[in-house]
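What follows is a short report on a single structure.
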Amino acid sequence: MQQTTPHPMKMRILIVDDHKMLRGALCQLMQAQPDMEVVGQSSDGHDIVALAQQTAAHLVCMDIGLPGMNGIELTHLLLQALPHLKVVALSAYSDKLHVLDMINAGAKGYVTKVEDGEELLRAIRAVYTGRLYLCPDVAEVLTQSLNAKNRPGRPTVVLGARERQVLKLVAQGHTSNEIASQLLIAASTVEVHRRNIMRKLDRHSVAELTRYVIENESSGLD
């Protein structure tokens, strides 16, 4: 009787990205791999927890710049519910704050969209096996940041991605209710962000926050 060698279990992957063409390209890339299977796609991460449960996914390829709740918040929400999942961030951003926010949310990989498909495949395979993976340009940004910490100078204030969004809107003159409507969050949450921002920046009025934004427009608030 002839025996056949069983195929190893494929990685079951979800793709979350709001660009349909990119999702299609990623799906084609992964489906062509003998060890990967795309089991679901989402344009905004809505009901991502339910989708991950229904598909028995192993790993989520998560865009950061999503409409509504961003990929950082979605990653945090997803891993609270399903801590066994692995998340690889796929983003247009390579700045330190976005990377750290995503890693702190629980992502184990970070690849920028300027990289080629092979880089993303390397990240997925590394994260699936329990390793942390940062693409070269992101690793360089973090290395430069660590080196900068060893030099004397003004300490860096770290605001989260949502805090930076709230700060910019406050500086533009929007009320808490208007900001809540734009960001699709509760007004009470906006107030919490405002208090945290003022505490972190040691600013005590909207005018002082606005001045901070003007002074730091070129240092990564976008």
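The values are calculated or read from the model by the stated rules, or taken from the named source; none is laboratory data. If you're wondering where the values come from, they're calculated on a predicted model, not measured in any experiment. No Cβ is skipped: glycine too gets one built from the backbone with ideal geometry, and neighbour counts run over all protein chains shown.
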Among the residues of the range 116-137, is there at least one that is closer than 20 Å to residue 70 by Cα and at pLDDT below 85? no
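Rundown of residues vs (1) surrounded by fewer than 17 Cβ atoms within 10 Å (Cβ to Cβ); (2) over 20 Å from residue 101 (Cα atoms); (3) among the hydroxyl-bearing types (Ser, Thr, Tyr); (4) modelled with pLDDT of 85 or more, yes/no style:
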residue	(1), (2), (3), (4)
159	no, no, no, no
165	no, no, no, yes
171	no, yes, no, no
175	yes, yes, yes, yes
182	yes, yes, no, yes
204	yes, yes, no, no
214	yes, yes, no, no
Do we find that residue 69 is over 20 Å from the mean Cα position of the chain (by Cα) and either buried (at least 16 other Cβ atoms within 10 Å of the Cβ) or of a type in the set (A, V, I, L, M, F, W, C) (or both) in this structure? no
May I ask you to say which residue of 45, 40 is small (Gly, Ala, Ser), touching a helix residue (DSSP H, G or I) at 6+ places or on another chain (Cβ under 6 Å) and in a loop (DSSP other than H, G, I, E, B)? 45
What's the number of the condition residue 89 fails, among (1) over 22 Å from residue 43 (Cβ atoms); (2) out of contact with any Lys or Arg (no Cβ under 7 Å at 6 or more places or on another chain)? (1)
Being touching a residue at least 24 places away in the same chain (Cβ under 8 Å) and loosely packed, with under 15 Cβ neighbours inside 10 Å is true for just one of 35, 63, 47, 17. Which residue is that? 35
Which residues, taken from the range 26-54, are more than 16 Å from residue 88 (Cβ to Cβ) and either over 20 Å from the mean Cα position of the chain (by Cα) or of a type in the set (D, E, K, R) (or both)? 28, 31, 32, 34, 44, 47, 53, 54
Determine which single condition residue 142 fails, assuming it passes every other condition in (1) modelled with pLDDT of 85 or more; (2) of a type in the set (A, V, I, L, M, F, W, C); (3) assigned by TED's automatic domain parsing to the domain that holds residue 98. (1)
